[in-house]
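Peer 1: Just passing along the structure, written as structure tokens.
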Amino acid sequence: MDLERPDWFEQTAAWWNPIVGDDVARHVQPVGISTDGRLYVVCSNLPWATNMRLLAPRIAQHLNAQPPRGARKLEGIAVVKPLPPEELNKRWADIVGSDLAEQVQPRSLADWGQELVTEAESAHARDLLARRAPVVLARLRALLPETSIGRLGISHLRTVWVVVASSPEFTDREALENVLMDVWHDVAQTVGPEHPLIFLHAGETAADQMVEQWVAAIRPADLSAPDHVDTMTYSATVDETDPDSLRRRNEWLAGKPRDLCVVFTARHDENLPLAELAREHGTTIWRHVQ
């Protein structure tokens, strides 16, 4: 997750504490602003995380009524898990071994600092880290004696992100579903069938709705089975007449390298801003014309 910390953001005592009060400020810390305008915070423990989710709408309303100088309107407040300490990131190769350091990355802390959550590039790397867990934890305690981390969670496999850019005029459901099936098959063959596959879209066009329906149709009937394919859409309000609003939406969807951008257009000469942004950020483009 890419979070911004503008100059005004660092002075939390001037804009956060007066709004939320000293009690909340002791347990809830802002960590950044996302490109879609959400304020992300971390909490000291699980009860405070639950409490903050209930308080978030009212606090966002108060912050928008008294915004810091230079701040734009907040689209909401989200609670995130605490991040690993910076020293752990710096010493990661010493902790897990140089052969695994690029294949498995520390991502967050669970159980409020007691469990380290990691992300693996492959099932092989995930399993190798699990076998090394006793050695890794011993090195972790030796190199970071002040850490509260006492166990390793099972590594999540890296998510494959696919942006869907579609024309409002695109209506060929059969072609769209064939393309999505090909993407799913290629990901399973090249990355691995266990890796989560997420289709990102703007939620505006008929094709976007077709993506949602296709993913819903292929989910396993057994509710206990994992959903390896899912969708995600931009949740903030978009003003189609406001270029900044559209830019923030497109930046959230494709403003950094993704694994693939699938483009559905009605004509050969049709250019979609979302697809062009994905291309600028080095994402591979897979184009289908109706």
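Peer 1: Does V229 satisfy being hydrophobic (A, V, I, L, M, F, W, C), farther than 30 Å from I77 by Cα and either open to solvent by 80 Å² or more (accessible area, probe 1.4 Å) or under 21 Å from the mean Cα position of the chain (by Cα) (or both)? Spell out the reasoning first.
Peer 2: Working: hydrophobic (A, V, I, L, M, F, W, C): yes; farther than 30 Å from I77 by Cα: no; either open to solvent by 80 Å² or more (accessible area, probe 1.4 Å) or under 21 Å from the mean Cα position of the chain (by Cα) (or both): yes.
Judged against the criteria, V229 is not a match.
Peer 1: For R126, state whether it is of a type in the set (K, R) and farther than 18 Å from C43 by Cα.
Peer 2: Working: of a type in the set (K, R): yes; farther than 18 Å from C43 by Cα: yes.
Taking the combined requirement at face value, the residue satisfies it.
Peer 1: Let me ask you something else. Picking from A56, A49, which residue would you name as being modelled with pLDDT under 85, assigned to a helix (DSSP H, G or I) and of a type in the set (G, A, S)?
Peer 2: On the way: A56 fails: modelled with pLDDT under 85.
On inspection, the qualifying residue turns out to be A49.
Peer 1: Under the condition of being without any contact (Cβ under 8 Å) to a residue 12 or more places away in the chain and among the charged types (D, E, K, R), which residue from region 127-163 is surrounded by the fewest Cβ atoms within 10 Å (Cβ to Cβ)?
Peer 2: Pass one, region 127-163, residues without any contact (Cβ under 8 Å) to a residue 12 or more places away in the chain: 127, 131, 134-135, 138, 141-142, 145-146.
If we keep only those that are among the charged types (D, E, K, R) too, we end up with 127, 131, 141, 146.
Details: D127: 13, R131: 9, R141: 13, E146: 7.
Among those that are without any contact (Cβ under 8 Å) to a residue 12 or more places away in the chain and among the charged types (D, E, K, R), it is E146.
Peer 1: Could you please let me know if G21 is among the small types (G, A, S), more than 23 Å from R249 (Cβ to Cβ) and surrounded by fewer than 18 Cβ atoms within 10 Å (Cβ to Cβ)? Break it down into steps so the answer makes sense when it comes.
Peer 2: On the way: among the small types (G, A, S): yes; more than 23 Å from R249 (Cβ to Cβ): yes; surrounded by fewer than 18 Cβ atoms within 10 Å (Cβ to Cβ): yes.
When the stated conditions are applied, G21 passes them.
Peer 1: Restricted to region 239-290, and to residues that are out of contact with any strand residue (DSSP E or B) (no Cβ under 7 Å at 6 or more places or on another chain) and among the hydroxyl-bearing types (S, T, Y), which residue is modelled with the lowest pLDDT?
Peer 2: Among residues in region 239-290 that are out of contact with any strand residue (DSSP E or B) (no Cβ under 7 Å at 6 or more places or on another chain) and among the hydroxyl-bearing types (S, T, Y), the one modelled with the lowest pLDDT is T241.
Peer 1: While we're here: Residue by residue through region 24-43, note down the ones that are assigned to a helix (DSSP H, G or I) and surrounded by 14 or more Cβ atoms within 10 Å (Cβ to Cβ).
Peer 2: So the first thing to find is which residues in region 24-43 are assigned to a helix (DSSP H, G or I), and the list is 24-27.
V24, A25, H27 - these are the residues of region 24-43 that are assigned to a helix (DSSP H, G or I) and surrounded by 14 or more Cβ atoms within 10 Å (Cβ to Cβ).
The values are calculated or read from the model by the stated rules, or taken from the named source; none is laboratory data. Nothing here was measured: the structure is a model prediction, and the numbers come from that model. Please note: Cβ atoms are built from the backbone with ideal geometry, for glycine as well, and neighbour counts cover all protein chains shown. Heads up: the accessible areas ignore ligands, DNA and RNA and are worked out on the full protein's heavy atoms, side chains in. Shrake-Rupley method; radii C 1.70, N 1.55, O 1.52, S 1.80 Å.
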